[in-house]
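Written below as structure tokens is the structure these notes are about.
FYI, it's all coordinate maths here, none of it is from the lab. Worth saying up front: this structure is predicted, and the values here are computed from it rather than measured. Cβ placement follows ideal geometry from the backbone for every residue including glycine, while neighbour counts extend to all protein chains displayed.
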Amino acid sequence: MKSENKEYHEYKKKKHYFSLSWKIILLTMIPFLMVLIVLSALTIQDKTQNERELVLNRIDSYVNLLESGDLSFECISQKEKLETMFDERVISSELIGRDKSVVYATGTPEYEVGPELIQKAFDGFAVTYTRQNGTAVLISLYPVIVEETVVGVLHLELSFERSNERIKQYTFFILILNACGLVASFLLVRFLLQRIVINRLEALTDMSLMISKGNLQHRLDIRSNDELGILASAFNNMAGELAKRNEQLEQTVTDLRRSNTELEQFAYVASHDLQEPLRMVSSYVQLLARRYRGKLDSDADDFIGYAVDGAKRMQTLINDLLIFSRVGTRGKPFKQTNCETVLNEVLMNLEVAIMESDAKVTHSILPTVMADGSQLVMLLQNLISNAIKFRSEEVPNIHISAKQKKDEWIFSIADNGIGIESEFFDRIFVIFQRLHGREKYTGTGIGLAVCKKIVERHSGRIWVESESGEGTTFFFTIPIKGDEQE
């Protein structure tokens with residue numbers, strides 16, 4: 001389990017991506033943050049409005065105290081008492097008499113008040129408004145009514161410095177509170193997400209890594225019946241089914257290997273043991289042909305000829321079958337093999353056939369590979385001899401090349417022969433399969449099957465590309481690190 005977790009975390013480090021947990025957290029926290037911002041803004045706005053209304057209520061209460069006689073008008077000129085009462089900085093305070101003269105005053109007004117507003121206040125209406133010049137300033141005109149008569153107008157200018165400072169402190173407190181709430185919410189969401197979702201998803205990931213490595217015995221703990229629980233149950237069922245099928249497959253492979261081994265052994269023994277009796281039959285049939293050809297009737301000569309030909313073909317077939325069986329059972333250990341040397345040996349073996357067909361054989365630089373050299377000779381010799389055998393009316397032109405692709409060498413043998421129809425591409429690699437009659441082309445139909453078996457022994461692949469009348473190219477691969485031998 002630790003190795004799988006380590007591999008998973010190494011994979012996460014190499015793979016730079018935005019994790020699912022952060023996506024879910026963002027999708028959860030962004031709406032929450034937006035709601036928090038809106039609520040904070042409304043709260044601060046409400047606090048500001050309350051501060052303003054509180055000042056107006058204090059002024060209204062102050063005017064009521066003046067009108068009831070509980071406070072003397074002289075206190076209008078006492079700035080410190082006014083600031084204590086209003087809890088704001090007083091810029092100026094004055095009582096305007098009915099003759100529009102100032103009766104009591106403290107401070108100097110910063111803003112001039114129009115006579116129409118003063119008259120409106122004498123008409124019994126309270127006038128309040130604010131001016132903004134850095135810090136907001138409240139300007140108020142309140143009528144002072146005694147015994148239903150307006151005896152004067154209280155003109156105040158108050159700076160909202162103190163209330164602004166209180167609003168700032170309140171805003172800072174709200175921000176701190178929101179930040180704490182946001183952090184707490186983040187930690188809670190992260191904890192719940194990790195516990196409910198992420199840990200279970202990582203368990204699913206670990207299990208998928210185990211399955212990919214062939215460990216089908218591990219099972220997930222199904223904690224709930226939610227979607228992840230259903231997914232975990234599906235993973236467990238899949239692992240169980242894969243384990244069952246894997247056991248069946250291993251049994252099938254074991255049986256197949258045993259069957260192939262038995263068949264190879266049978267083919268070898270049968271072909272080897274048939275050599276001697278067939279050689280005896282062939283020898284006596286040829287002796288009959290030499291002694292009695294022309295001494296019997298023509299039918300007898302034909303029958304003897306058929307027997308001789310059949311014996312020869314049987315001898316060839318048994319020899320080819322013996323070669324085919326020896327590929328898997330009599331192969332040599334792999335070692336560093338120079339393909340240039342292998343090709344030179346093949347060309348020497350096919351020297352007569354090349355000269356008789358005037359074939360032109362060329363090749364590119366060939367690599368050194370880990371292989372069974374004798375089987376490489378057999379492989380190239382089969383493919384080149386086929387290129388010569390199945391030539392067109394043109395002079396045979398054969399080219400052998402190799403190129404490296406990732407962790408393997410890809411060899412190609414291209415010719416300008418009669419070509420192969422695409423429907424026969426798979427069939428030609430099956431043992432005893434022939435596309436042409438014996439009268440036109442000799443052979444037993446084992447050559448390409450031998451090639452396929454040699455390539456597969458070297459952990460490679462073999463295939464063909466061709467069009468009828470356009471030539472043929474056979475490809476096969478040999479791993480660059482092909483030191484594994486079956």
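Working from label points 7 Å from Cα in the Cα-to-Cβ sense, the PHE73 to PHE303 distance is 16.2 nm.
Potential lengthening of the chain between LEU287 and THR368 amounts to 24.2 nm, from the contour at 0.36 nm per residue minus the alpha-carbon distance. Ordering LYS360, LYS406 from the fewest to the most neighbouring beta carbons within 10 Å gives LYS406, LYS360. Among PHE411, PHE125, sorting on how many other beta-carbon atoms sit within 10 Å of each Cβ, with the fewest leading, yields PHE125, PHE411.
The H on the amide N of PHE425, modeled in the peptide plane, is under 5 Å from the matching H of no residue at least 5 residues off or on a different chain. Pairs from the list LYS244/LYS452; LYS244/LYS453; LYS332/LYS481; LYS332/LYS360; LYS453/LYS481 with a Cα-Cα gap above 25 Å: LYS244/LYS452; LYS244/LYS453; LYS332/LYS360. Fully extending the segment from VAL395 to GLU456, taken as 0.36 nm per residue of separation minus the present Cα-Cα distance, adds 18.7 nm. In plain terms, the residue of THR43, THR472, THR252 with the fewest other Cβ atoms within 10 Å comes first and the most crowded comes last, giving THR252, THR43, THR472.
Near the amide H of GLY471, within less than 5 Å, lie the amide hydrogens of GLY417, GLY419, all on another chain or at least 5 residues away, with H placed in the peptide plane.
Here the 3J(HN,Hα) profile of the stretch 24-39, calculated from phi with Karplus coefficients 6.51, -1.76 and 1.60 at θ = phi - 60°, is 5, 4, 5, 4, 7, 7, 4, x, 4, 5, 5, 5, 4, 5, 4, 5 Hz, Gly and Pro shown as x.
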